[in-house]
Amino acid sequence: MLVDASNALLAWYDANRRDLPWRAMPGESSDPYRVWLSEIMLQQTTVAAVGPYFHKFITYWPTMRALAEADEADVMKAWAGLGYYARARNLIACARTIVARHGGRFPDSEAELLQLPGVGRYTAAAVAAIAFGRRAVVVDGNVERVVARLFAVKEPLPGAKAKLYDLTDSITPARRNGDFAQAMMDLGATICTPRKPACGFCPLATLCAARAEGDPARYPVKTPKVAKPRRVGHAYWLERDGAVLLVRRPAKGLLGGMLAFPSSAWEEKVGAGSGAPAQAEWQDGGSIDHAFTHFALTLHLRCAEGEAGEGIWWPIAQLEEAGLPTVFAKLIARGRAWKKPPLLSRQEA
DNA sequence: AATCCGTGGGC
DNA sequence: TGCCCAAGGAT
């Protein structure tokens, strides 16, 4: 099984590998900095979404040392919109650790990689395999799906993670390990997809237990998810001389370390809506809806003119360059429309 | 072990 | 609209 599966997969990969910006040409060695940066960005994030951000980061900070010396606020701003902002904070911490404790060069063992901030079991294995050619068991969501189908694993995720790891280990070859890992992920992304797997094009079809059963799409089995709650809150648009007040959110927690509009707590029932940055006659500025991973939010914008003690006054005309997380960027148009005469109606949406 | 942590696209 | 999903990690 091992030899059959890995040989078939590698042959398929040689003919069908995706051409991605962080990938070395066949036969060339990959740059650990680019591999690591891409792996962090790709955590729970699509290739399509990562593309422009990867290009931007490589342009601004072409080397690990450049990133280690970067201003943290600039990095957070460059990351804005990509989500999971702890990744950006850990990115900086990791770059600085590598420069301070590893002479600016990546450690090449899984165990050492695992010690770095933002690097967990998957990323340590991926960097060890792809950047350094080490044998490592690389298991991401794609691999879990491919392996669950290949062996028709009946146990549901997430409980089945340990079993899927062991099964992946059992088919992981000793050579071309980086290619094998990327081949598994390419297969999962392009052929062995969640909904309608293209088994007719799959190099592992004749070995696949789920295929033999007749309904491969029913794998991997998953335990049902709990419905996510809906929350409500207020955000505040405080305007003064063509500028609006922004604040930096606390380093930890939701949207940690990011610039934002001042806001109330977000709760399941309409809380009082405190958190206003000033005493003012707040007016209704409309609302937006936004879906986070674990709750849905309706955010009402409250608008006023006035002064405030603390915060950053940002020119309204340049708010797009402030680096606001998407949930707040959605409010920009509402704030700008406030107190302008309604052209037709301000009620849409 | 379970929860928290963003966003955009597909259906 | 709503749910699922995407190269997961930290606590």
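FYI, it's all coordinate maths here, none of it is from the lab. Because the structure is a prediction, the values reported are computed rather than measured. Note: ideal-geometry Cβ built from the backbone for every residue, glycine included; neighbour counts use all protein chains shown.
Under 25 Å between alpha carbons, and skipping anything fewer than 8 positions from A:LYS161 in its own chain: which lysines qualify?
A:LYS196, A:LYS222, A:LYS225, A:LYS228
Output the antiparallel fraction of DSSP beta bridges having both residues in chain A, as a percent to the nearest 5.
Of the beta bridges lying entirely in chain A, close to 60 percent run antiparallel.
Output the peptides A:167-179, A:323-335 sorted from most to least packed, where packing is the average of other Cβ atoms within 10 Å over each peptide's residues. Let's see the in-between values first.
Working: A:167-179: 17.9, A:323-335: 19.9.
In decreasing order of mean packing, A:167-179, A:323-335 become A:323-335, A:167-179.
In the stretch A:1-108, what trypsin sites (Lys or Arg not before Pro) fall in a loop by DSSP, with at most 12 other Cβ atoms inside 10 Å?
For trypsin sites (Lys or Arg not before Pro) across the stretch A:1-108 that sit outside H, G, I, E and B with at most 12 neighbouring Cβ atoms in 10 Å, the list reads A:ARG18, A:ARG105.
Among A:209-219, A:139-149, how do they line up from the highest to the lowest mean number of other beta-carbon atoms within 10 Å?
Final packing ranking: A:139-149, A:209-219.
Figure the gain on full extension for A:THR326 and A:ALA24 (residue separation times 0.36 nm, minus the Cα-Cα span) and round it to one decimal in nm.
Here the segment from A:THR326 to A:ALA24 would lengthen by 105.5 nm.
Given C-alpha coordinates of the stretch A:53-102, what is the ratio Rg to Rh with the Kirkwood estimate of Rh?
Numbers: Rg = 10.3 Å, Rh = 10.9 Å.
Reported Rg/Rh (Cα atoms, Kirkwood Rh): 0.94.
Between A:ALA227, A:ALA280, A:ALA205, which gets the highest mean-square fluctuation from a Gaussian network model of chain A, Cα cutoff 10 Å?
A:ALA227
So what is the 222 nm mean residue ellipticity for chain A from helices alone, if each DSSP H run of at least 4 adds -39500 (n - 2.57) and you divide by all residues, rounding to the nearest 500 deg cm²/dmol? Walk me through the intermediate numbers first.
Working: 14 runs with 135 residues, N = 349.
After summing the helix terms and dividing by the residues of chain A, the value is -11000 deg cm²/dmol.
Can you give the net charge of the other residues whose Cβ lies under 13 Å from the Cβ of A:GLY81, counting K and R as +1 and D and E as -1?
Surrounding charge for A:GLY81 is +2.
Which one of A:GLY200, A:GLY286, A:GLY27 has the biggest mean-square fluctuation once chain A is modelled by GNM with Cα springs under 10 Å?
It is A:GLY27.
Between A:GLU307, A:GLU267, A:GLU281, find the one with the highest GNM mean-square fluctuation for chain A; connect C-alpha pairs within less than 10 Å.
Comparing A:GLU307, A:GLU267, A:GLU281 in the GNM, the peak value goes to A:GLU281.
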